[in-house]
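Here you go, one structure.
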Amino acid sequence: MRPPILVGELELASSFRAIELPARDDGDPYTAVRLLVRIHREPVGYAFLAPDALDAVSVAEQVWRQLGPAINARRERDGRPALDALPPDGIPAAEGAPPDSQDAPPVSVVVCTRDRPDGALSTLRGLMASRYPRFEVVLVDNAPSSDATKDAVLGEFATDARIRYVREPRPGLSCARNRGVAESTAEIIAFTDDDVRVDPWWLHGIIRGFGRAGDVACVTGLIPTAALDNAVQLYFDQRQRWGAFSEPRIFDLKDNRDDSPLYPYSAGIFGAGANFAISRRALKELGGFDEALGAGTPSGGGEDLDVFVRTVLSGHRLVYEPSAIIWHDHRANLQDLSRQMLAYGSGCTAALTALLLRSGKARRELPAKIVAGAIRVSAIGDRTKDNPVLPAGLAKREFHGMAVGPWLYFKSRRQLRREAASRSAAAGSSSA
């Protein structure tokens, strides 16, 4: 597989149509088309199409050849008869379409951004196109270097009562998320980023996840890749597993455990911070986001892994709900991706360090899992090493991040203490 690959989606409840390949500025032809295939908005898997066979009949045949068993398995689960082929006019809408609102409890959406006005606007536009009837958005501008994001957001959305702009001066994604939680009002709080495209039915999927079992405290969702225009984007697509699974899963400490020997400390099995929601009650019980973790801190990341693992360790359930979809724009140049992989590595081990300090259960369990973890880490590059078009050396950057993550976490904690002392001293002098 080599880029560029055209990325899109296909709803099987609609008639099949020919796919036209758009012209590219660089003149490189698309080598394939990758479609996220959905049945009544629920993902069923990915289909790869040959670029020279994109008429309606060929599209239907290729999708059926690759996903026919998965489609019939989904139909059997829903009590529908098996198909022999895909109907040219699509699967009838009356067959199993999920309801539009599902009781529609209010949802607060927190979007954190820093010096990315275009990205913030893009995410907000997607949210404003949501089909969900009851939601608010808190846009947290985190330690910005200018008023560019504020001016852009208020210039376009000042009259929309669903959006509230908040400026958080303390840098760090966890600081921004904690501020967004404090400013929000709903019991269910969803989080996404400023480098995504929000599916119109995303919040319906989030609510559906909360209803899949009892005591669900956190829901994560599917994060497909938004573009595969070059080898850098393809590397990250192959490295991460956010967009790989189309079946829902429940995670807890009882009957719904993953078979990984690292569970529940396995990075990546739960989802990612670009697409998740948590109940206010559960987040309060956890003590909020650890402000020594996350982008914008020395740790570089890990705040999402920390919250996911703590949710499960606390005895609650976490649900992966694939119908809650957020499309992610991966880094398009090697320098940015290299920094990101370093931060992914450091964030992972920084989060595990935080868990060791905070949780007696983690201190009892993690040492015995170190060998399994080392084996898992050594296989990080397996999904990308056999493709010669992908950039080399990024797995080493991730390993380096993992090696320094614990030290960076302690550095983050020291920095937070110094900043708190400085604010306290400033408050004391002003009151005097």
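FYI, it's all coordinate maths here, none of it is from the lab. Every value quoted in this text rests on a predicted model; they were computed, and no experiment measured them. Cβ atoms come from the backbone with ideal geometry, glycine included; neighbour counts cover every protein chain shown.
Short version: ³J(HN,Hα) in whole Hz for each residue of the stretch 419-427, in order, from phi by Karplus 6.51 cos²θ - 1.76 cosθ + 1.60 (θ = phi - 60°), x for Gly and Pro, what are they?
Per-residue couplings from phi come out as 5, 5, 5, 5, 5, 5, 5, 5, 5 Hz.
If you line up the long axis of helix 148-157 against the longest principal axis of the chain, both from Cα atoms, how many degrees apart are they, to the nearest 10?
50
Take the residue pairs K254/K385; K369/K411; K361/K411; K254/K284; K369/K396; K254/K369 and return only those whose Cα atoms are more than 28 Å apart.
Values: K254/K385 36 Å; K369/K411 25 Å; K361/K411 24 Å; K254/K284 23 Å; K369/K396 22 Å; K254/K369 18 Å.
Listed pairs above 28 Å: K254/K385.
Also, quick follow-up: Helix 360-378 sits at what angle to the longest principal axis of the chain, using alpha carbons and giving 0 to 90 degrees rounded to 10?
Approximately 50 degrees, to the nearest ten.
Okay, next question. Give a residue-ordered list of calculated ³J(HN,Hα) values for the stretch 69-79 (Karplus: 6.51 cos²θ - 1.76 cosθ + 1.60, θ = phi - 60°; whole Hz; x for Gly, Pro).
Karplus-based 3J(HN,Hα) across the stretch 69-79 equals x, 5, 5, 5, 4, 5, 5, 4, 4, 8, x Hz.
Then there's this: Taking amide H positions as placed in the peptide plane 1.01 Å from N, state which residues far from S246 in sequence (5 or more) or on other chains have amide H under 5 Å from it.
The answer is none.
So, one more: Tell me, what is the Rg over Rh of the chain, with Rh the Kirkwood radius over Cα pairs?
That ratio equals 0.97.
Where a Cα-Cα gap under 20 Å defines reach, which aspartates and glutamates qualify for K150, not counting those fewer than 8 residues away within the same chain?
Cα-Cα hits under 20 Å: D115, D118, E136, D141, D160, E168, E183, D193, D194, D195.
Counting other C-beta atoms within 10 Å, which of E321, E285, E291, E136 has the fewest, and how do the rest follow?
E285, E136, E291, E321
In degrees, nearest 10, range 0 to 90: what is the angle between the Cα axis of helix 173-183 and the longest Cα principal axis of the chain?
For helix 173-183, the angle is close to 90 degrees.
Sticking with this one: Enumerate the calculated ³J(HN,Hα) couplings along the stretch 201-211 in order (Karplus 6.51 cos²θ - 1.76 cosθ + 1.60, θ = phi - 60°), each rounded to whole Hz, writing x wherever the residue is Gly or Pro.
Once θ is set to phi - 60°, the couplings for the stretch 201-211 become 9, 4, 5, 4, x, 4, 5, 4, x, 5, x Hz.
Now, a different point. Given the options S314, A343, A324, identify the residue whose Cα lies farthest towards the positive end of the charge dipole of the stretch 107-350 (+1 on Cβ of Lys, Arg; -1 on Cβ of Asp, Glu).
S314
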